[in-house]
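Written below as C-alpha cells is the structure these notes are about.
The values are calculated or read from the model by the stated rules, or taken from the named source; none is laboratory data. As the structure is a prediction and not an experimental result, all values here were calculated from the model. A quick note on method: Cβ atoms are made from the backbone with ideal geometry, for glycine too, and the neighbour counts reach across all protein chains shown.
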C-alpha cells in the first residue's frame, strides 16, 4: 500500500512546519559562521556524530597563569568573505580537557570557550582545539552546540548567513554534567 509512506511524508512535513512556526531556526549540515570578536567567516560543519565542537588551532600550549591553567594558541583561518588569511595569537582559560577516541586512536585536547555567530545570534560554546589544517572545515559544531541552535536539516547547506552585530543576542555557555 502507498498510504503509509504518504502519511509518513505528510506527518513529517507537518511536524517540520510546526517546529519552524514555533520560531526554531533551521541550519544545514554546512553553514557559514563567524569567529568572534573578529568576524572571520569560516565554513562550519554541523556534525551530530561529534559531542564537542572543534576549532582549527596551531601551536597549542597549556601553561600556568596566576595558579590557573590557561591555553595559548594561534588561529590561522581563511576568511571566506575575502579570501584573506586571518592569524591571531590568543590566550584563554582552560575550560577542561577533552579525551577523544577515533579511527586514529586516542587523543587529549584542551577545550576553551569562544564565541561564534550563526544567523543573527552569538553563541558562547566549548571548542576543543586541534590542528584541522588537513580537514575540509576549520570549524566543526558538535551536538552540544547544535542543541542550542535549533533544527538541523541534513539535506541542506548554507541555509543562513552570519549577520551578528553589537545588538545580537548572546546565548551564553551553561555548564552541564558532561563538562567534566
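Counting residues in region 65-74 that are surrounded by fewer than 18 Cβ atoms within 10 Å (Cβ to Cβ), at pLDDT below 95, closer than 21 Å to residue 136 by Cβ and in contact with a strand residue (DSSP E or B) (Cβ under 9 Å, 6 or more places away or on another chain) gives zero.
Is it the case that residue 46 is touching a helix residue (DSSP H, G or I) at 6+ places or on another chain (Cβ under 7 Å), closer than 30 Å to residue 156 by Cβ and surrounded by 16 or more Cβ atoms within 10 Å (Cβ to Cβ)?
yes
A single entry from 146, 116 fulfils the requirement of being closer than 22 Å to residue 74 by Cα and under 9 Å from the mean Cα position of the chain (by Cα): 116. Could you go through region 10-28 and let me know if any residue there is at pLDDT 95 or above, within 18 Å of residue 124 (Cβ to Cβ) and under 11 Å from the mean Cα position of the chain (by Cα). No, the conditions are met nowhere in region 10-28. Pick out, from region 34-152, the strands (runs of 3 or more DSSP E) lying fully within it that include 2 or more residues that are touching a residue at least 12 places away in the same chain (Cβ under 8 Å) and more than 27 Å from residue 167 (Cβ to Cβ). Strands (runs of 3 or more DSSP E) meeting the threshold: 53-56, 58-65, 68-78, 85-93, 96-102, 105-118, 121-130. None of 150, 128 is modelled with pLDDT of 95 or more, out of contact with any helix residue (DSSP H, G or I) (no Cβ under 8 Å at 6 or more places or on another chain) and surrounded by 18 or more Cβ atoms within 10 Å (Cβ to Cβ) except 128.
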